Amino acid sequence: MFVLVNLKAYDCDPVAIAEAAAEVADASGERIAVAPQAARLSAVADAGVETWAQHVSPVEHGSHTGSTLAEAAADAGAVGTLLNHSERRITLANADDGLGAADRAGLDTVLCANNPAQAAAAAALGPDAVAVEPPELIGGDESVASADPAVVEESVEAVADVDDSVEVFCGAGVSTGADVAAAADLGATGVLLASGVAKADEPESVLRDLVSEI
Ligand SMILES: O=C[C@H](O)COP(=O)(O)O
């Protein structure tokens, strides 16, 4: 199971979390990545953890003020990017172009979706993975795997029907090793989480717990 920690814009120390994640990944042998604010990509990558962007713009080099160029994210140390996160929705055309930009820069991609129908549509665009996250469960205390297991199982089936090479992750409320194990039981191959780590008093213990039942 891939554990992808999105720090969003939380008031946390991205480098301390990156160092903790690198240590837990090394000790456990599990794959953990951290997605900080774009301005902190280099600092997080320098901490030695797999680093992801939260978003890249669907543009090439040129006159695109305020954009996050995929090549710039890659140069800063990112190896992958989220696209179409629930808090950073984009149009279908921009999702397609964003995937093209990520591909051009050599970034892995996770395209987010709200539900199984969107997951199928997302899979049709050919990302490396689709992450299904019911928006109403994001930032909550109960994991999607227990609060709405059907949305995960149905997304796994819907994506496999479109393209069985696309992985399915799930997210929203994931914060414990039991949540990760439950997601795996439903067919997910990764989890996308944020508040459970970013808002924790001791992020390293949460990270250790997250990989404890894989
Ligand atoms: O990107 C992460 C997801 O939106 C889940 O956030 P959460 O773990 O705070 O529910």
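Kindly list, by first and then second residue, each pair from a residue in the range 139-155 that is more than 19 Å from G196 (Cβ to Cβ) and open to solvent by less than 70 Å² (accessible area, probe 1.4 Å) to a residue that is more than 11 Å from the ligand (Cβ to nearest atom) and among the β-branched types (V, I, T), limited to pairs with Cβ atoms under 9 Å and residues at least 6 apart or on different chains. So the pair list comes out as S155/V130; S155/V168. Of the strands (runs of 3 or more DSSP E) lying entirely inside the range 1-102, those carrying at least 3 residues that are crowded, with 21+ Cβ neighbours inside 10 Å and in contact (Cβ under 8 Å) with a residue 40 or more places away in the chain are 2-6, 32-35, 80-83. Answer yes or no: is there a residue in the range 125-140 that is within 16 Å of the ligand (Cβ to nearest atom) and on the phi > 0 side of the Ramachandran plot. Yes; the residues of the range 125-140 include at least one that is within 16 Å of the ligand (Cβ to nearest atom) and on the phi > 0 side of the Ramachandran plot.
The values are calculated or read from the model by the stated rules, or taken from the named source; none is laboratory data. Because the structure is a prediction, the values reported are computed rather than measured. Here Cβ is always computed from backbone atoms with ideal geometry, including for glycine, and neighbour counts include all displayed protein chains. The area values use the complete protein model at the heavy-atom level, side chains included, leaving out ligands, DNA and RNA. Shrake-Rupley method; radii C 1.70, N 1.55, O 1.52, S 1.80 Å.
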